Amino acid sequence: MRQIAKTAPALPENAPAADRPQENDRAHRVVVDTQPANSRRPARLELLQNLSGLVLALFLVTHMLFVATILISHELFYSVARFFEGGWLFGEPQPALVSMVAAGVTGLLVAHAWLAMRKIPAGYRQVHAFSGHRRRLRYGDTSLWWLQAMSGFALFFLTTIHLYDMVSQPQLIGPYESAERVWTGGMWPIYLALLFTAEVHGGIALYRLALKWGWFADTDADAGRRRLRRIRHAFSTFFITLGLVTLLAYIDLGRAHADRGGEHYALPGHVAVEHGKS
Ligand code: HEM
């Protein structure tokens, strides 16, 4: 809990009267944190934020690989999509399972964003002060933190659009269905923006986590940092390239399939049906 107290930093005895705090002088009010100095709450919140971010980053990495199976074959992407519907376990495909996972990811995303909000400068004054520090310091990792905060902000909105589709239309995941959403459904600009923001945000997040927790640490701190930067660049470049090639494959298929809108994909030898008629 925080409260405003009318206390002021001590001034030298001979300071001019004009410099001394006046009763009700807002400029001399300081914010006092009434939380005990040894409170573990900030550390716990930090740990929760780190953990939720790590789970989301790992989810994104595996998700990009699954979505990219379209590059190998339509059959493979179709089989991956059906696998997550649990037909092999329940006898019948259960698209609701995908909805539930997408709803869980949405909840985790909201919790992660809420935890991260604690550290984002609030209001014009704080943003102005932070920008000043950033310009004066000219330290790459401080600018990186700002890029992470801004990309996280954009990501929140972009991801919720995509997650809404995944929660509400889990049965429409497949080569034709996905390609139709990307091209005819006009989702490709959202995916393009989502791809860049997610990979930049995720790459910086993993880099900062590795620094904080000492993963891949080196006895020479500068050498360790340089190595982590190289890993971060390689990570972002790999996933952005993979994502772009994958997105192009969906666009290509969507364009080729545009005159057969509503058709479900079916494995070779099976009959394809239209949405809502299966
Ligand atoms: C359980 C949740 C999710 C499911 C089931 C899911 C599923 C899919 C599927 C099937 C596609 C292919 C296009 C389509 O069908 O519309 C796709 C594309 C994409 N998804 Fe997700 N997604 C989920 C969460 C996320 C999250 C949290 C992010 C980012 C933080 C994300 C980022 C992307 C991107 C960037 C693409 C474009 C494909 C690419 O360029 O490789 N997705 N997703």
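The values are calculated or read from the model by the stated rules, or taken from the named source; none is laboratory data. Predicted, not measured: the structure shown is a model, and the values here were computed from it. Reconstructed Cβ throughout: ideal geometry from the backbone, glycine too, with neighbour counts over all protein chains shown.
Applying the selection to region 183-224, what residues are of a type outside the set (Phe, Trp, Tyr), assigned to a loop (DSSP other than H, G, I, E, B) and in contact (Cβ under 8 Å) with a residue 60 or more places away in the chain? Talk me through it step by step, then tell me what you get.
Residues of region 183-224 of a type outside the set (Phe, Trp, Tyr): 184-187, 189-190, 192-195, 197-206, 208-212, 214, 217-224.
When the remaining residues are screened for being assigned to a loop (DSSP other than H, G, I, E, B), the result is 184-187, 214, 217-220.
If the condition is that a residue be of a type outside the set (Phe, Trp, Tyr), assigned to a loop (DSSP other than H, G, I, E, B) and in contact (Cβ under 8 Å) with a residue 60 or more places away in the chain, then Thr184 is the only one that fits.
Please go through (1) out of contact with any His (no Cβ under 9 Å at 6 or more places or on another chain); (2) surrounded by 14 or more Cβ atoms within 10 Å (Cβ to Cβ) for Trp88 and return the number of the only condition it doesn't satisfy.
Of (1) out of contact with any His (no Cβ under 9 Å at 6 or more places or on another chain); (2) surrounded by 14 or more Cβ atoms within 10 Å (Cβ to Cβ), only one is false for Trp88: (2).
Anything in region 147-201 that is of a type in the set (S, T, N, Q) and closer than 21 Å to Gly262 by Cβ? List them, or say none. Can you show your working first?
Looking only at region 147-201, we keep the residues that are of a type in the set (S, T, N, Q), and these are 148, 151, 159-160, 168-169, 171, 178, 184, 197.
Answer for region 147-201, where residues must be of a type in the set (S, T, N, Q) and closer than 21 Å to Gly262 by Cβ: Ser168, Gln169, Gln171, Ser178, Thr184.
Search region 56-77 for residues being away from the ligand (no atom under 11 Å from the Cβ) and in a helix (DSSP H, G or I), and hand back the single one that is nearest to Phe196 (Cα to Cα).
Result: Leu58.
Assess whether Ala193 counts as being farther than 30 Å from Pro93 by Cα, within 16 Å of the ligand (Cβ to nearest atom), assigned by TED's automatic domain parsing to the domain that holds Val101 and surrounded by 13 or more Cβ atoms within 10 Å (Cβ to Cβ).
On the way: farther than 30 Å from Pro93 by Cα: yes; within 16 Å of the ligand (Cβ to nearest atom): yes; assigned by TED's automatic domain parsing to the domain that holds Val101: yes; surrounded by 13 or more Cβ atoms within 10 Å (Cβ to Cβ): yes.
When the stated conditions are applied, Ala193 passes them.
What's the number of the condition Arg227 fails, among (1) assigned to a helix (DSSP H, G or I); (2) touching a helix residue (DSSP H, G or I) at 6+ places or on another chain (Cβ under 9 Å); (3) more than 20 Å from Gly152 (Cβ to Cβ)?
Going through (1) assigned to a helix (DSSP H, G or I); (2) touching a helix residue (DSSP H, G or I) at 6+ places or on another chain (Cβ under 9 Å); (3) more than 20 Å from Gly152 (Cβ to Cβ) one by one, Arg227 breaks only (2).
Please return the ranges of helices (runs of 4 or more DSSP H) entirely within region 122-182 where 1 or more residues are within 11 Å of the ligand (Cβ to nearest atom).
Details: elements: 123-137, 140-168, 175-182.
Fully inside region 122-182 and qualifying: 140-168, 175-182.
For the condition acidic (Asp, Glu) and either more than 20 Å from the chain's Cα centre (by Cα) or at positive phi (or both), what is the one hit in Asp165, Asp220, Asp141? Can you show your working first?
Details: Asp165 fails: either more than 20 Å from the chain's Cα centre (by Cα) or at positive phi (or both); Asp141 fails: either more than 20 Å from the chain's Cα centre (by Cα) or at positive phi (or both).
Result: Asp220 is the single residue among Asp165, Asp220, Asp141 that is acidic (Asp, Glu) and either more than 20 Å from the chain's Cα centre (by Cα) or at positive phi (or both).
Check whether at least one residue in region 202-221 is near the ligand (Cβ under 8 Å from one of its atoms), touching a Ser or Thr at 6+ places or on another chain (Cβ under 9 Å) and modelled with pLDDT under 95, and report yes or no.
If we filter region 202-221 for residues that are near the ligand (Cβ under 8 Å from one of its atoms), which is where we start, we get 202.
Next, from what is left, pick out any that are touching a Ser or Thr at 6+ places or on another chain (Cβ under 9 Å): 202.
Narrowing further to those that are modelled with pLDDT under 95: 202.
Yes: region 202-221 contains one or more residues that are near the ligand (Cβ under 8 Å from one of its atoms), touching a Ser or Thr at 6+ places or on another chain (Cβ under 9 Å) and modelled with pLDDT under 95.
What tally of residues in region 151-174 results from selecting those that are under 23 Å from Gly202 (Cα atoms), of a type in the set (A, V, I, L, M) and surrounded by 14 or more Cβ atoms within 10 Å (Cβ to Cβ)?
Initial filter on region 151-174 (under 23 Å from Gly202 (Cα atoms)): 151-167.
Remaining after also requiring of a type in the set (A, V, I, L, M): 154-155, 158, 161, 163, 166-167.
Still in the running and surrounded by 14 or more Cβ atoms within 10 Å (Cβ to Cβ): 154-155, 158, 163, 166-167.
Summing the residues that are under 23 Å from Gly202 (Cα atoms), of a type in the set (A, V, I, L, M) and surrounded by 14 or more Cβ atoms within 10 Å (Cβ to Cβ) in region 151-174 gives 6.
With Leu247, Leu267 as the choices, which residue is of a type outside the set (S, T, N, Q), exposed (fewer than 12 other Cβ atoms within 10 Å of the Cβ) and touching a Phe, Trp or Tyr at 6+ places or on another chain (Cβ under 7 Å)?
Working: Leu247 fails: exposed (fewer than 12 other Cβ atoms within 10 Å of the Cβ).
Answer to the selection: Leu267.
Looking at (1) in contact with a His (Cβ under 9 Å, 6 or more places away or on another chain); (2) within 13 Å of the ligand (Cβ to nearest atom), which one does Gln49 not meet, given that it meets all the others?
(2)
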